[in-house]
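Below you'll find the structure, written out as structure tokens, and then a few comments.
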Ligand code: SF4
Ligand code: SF4
């Protein structure tokens, strides 16, 4: 039997608590706008040409937050301002924070931005209000142009992009910023991508495989051999940089590392349990990953997600299926599973 299988079998024999308990942090995503200055090739949520780009109103934001507080039965909440590009409706973000500043001090905030129009006014505001900033960035300007082109088509606008990102990290502090990269066949060389993001100054990085529909050319399933090599080398690189204090977290590697070494509990999909997402009209969805999808489709996916993955050797580390993955990949999450297993195998081989 392989070392990884033996290790996982032993782990599965131990009683493990999962993290889905009543005390887990409750979070909502508020889609404050559908407007965006980029037209990412994998974005199927809002950038369809036939969608009227709308902003969320303050009334809708307030109703959504009140609904979440009531449903969760708590006054502790984390709000992630999402979009589109949320800075296209910065006024609403300020209104929400100002309104809740005095009536609920237990709300914390983050914003998920592409950082293209971020400026010192935004950053002063985010710093002052203890925001956490997630930057959507898939790689160098060449990759960005290919994968996240400007909606205007005016690609020269990328010339200041790296400067913007460095400025953002300097002003916010690296511990308050995460780079989130969507991995497709265009930016599959993960170890080079990691070097690039480190060199920009990021110390928190998150790699997520693309799950959007109707883009066969981006499909990672055809590149699993390349990915395996890249993941092995990424794990080695992560440990070297971690020891030298150059990286704080690299997900999913750091998450799986903490679970494998007993520092953290396994994460399960929290969609509709500890998190909701509200679209610009205030319609509630279980997660930002499934916004806009028909209710029947989501409900069917919830049933699939809730079926246990106990048959899988990796279930006590991986945590099981992601609702978004099930919806977007028409229930076939083989690629998602293969990638998760590669990360876990590489970590076990490196650690033990
Ligand atoms: S649907 Fe996916 S992204 Fe959303 S909570 Fe579940 S695992 Fe996380
Ligand atoms: S690898 Fe796939 S089958 Fe295994 S636990 Fe994760 S989601 Fe479930």
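Please treat every number below as a calculation from the coordinates, not as lab data. All figures in this text were calculated on a predicted structure; none of them were measured in a lab. Quick reminder, even Gly has a Cβ in these numbers, built from the backbone with ideal geometry, and neighbours come from all protein chains shown.
Numbers at a glance
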{"item": "Stretchable slack from residue 306 to residue 124, in nm (0.36 nm times residue separation minus alpha-carbon distance)", "result": "61.3 nm"}
{"item": "Debye intensity ratio I(q)/I(0), log10, the range 186-304, q values 0.09, 0.16 Å⁻¹ (C-alpha model)", "result": "-0.36, -1.01"}
{"item": "Taking all pairs of distinct alpha-carbon atoms in the range 88-165, Kirkwood radius in angstrom", "result": "14.2 Å"}
{"item": "Cα convex hull of the range 49-186 - mean projected area over all directions, nm²", "result": "9.8 nm²"}
{"item": "Label-point separation in nm, residue 145 to residue 91, each point 7 Å along Cα→Cβ", "result": "3.5 nm"}
{"item": "Cα-based equivalent ellipsoid, the chain: semi-axes from gyration tensor eigenvalues, Å", "result": "31, 25, 21"}
{"item": "The chain: most fluctuating residue of 59, 123, 227 per GNM, C-alpha cutoff 10 Å", "result": "59"}
{"item": "For the range 127-236: span of alpha carbons on each principal axis (Å, largest first)", "result": "45, 38, 22"}
{"item": "Calculated [θ] (222 nm, deg cm²/dmol) that DSSP helices of n ≥ 4 give over the chain, each run adding -39,500 (n - 2.57)", "result": "-12500 deg cm²/dmol"}
{"item": "Share of Cα-Cα pairs in the range 161-204 lying beyond 13 Å, as whole percent", "result": "55 percent"}
{"item": "Span from the the range 248-303 Cα centroid across to the the range 151-223 one, whole angstrom", "result": "21 Å"}
{"item": "Highest-fluctuation residue, 254, 120, 212 considered, GNM on the chain with Cα pairs under 10 Å", "result": "120"}
{"item": "Relative contact order computed over the chain (Cα-Cα under 8 Å; 6+ residues apart), in percent", "result": "21 percent"}
{"item": "Separation of the residue 246 and residue 2 label points, Cα + 7 Å toward Cβ, nm", "result": "2.9 nm"}
{"item": "Computed FRET value (nearest 0.05) for residue 166 with residue 208, which takes r as the C-beta separation and R₀ as 22 Å", "result": "0.45"}
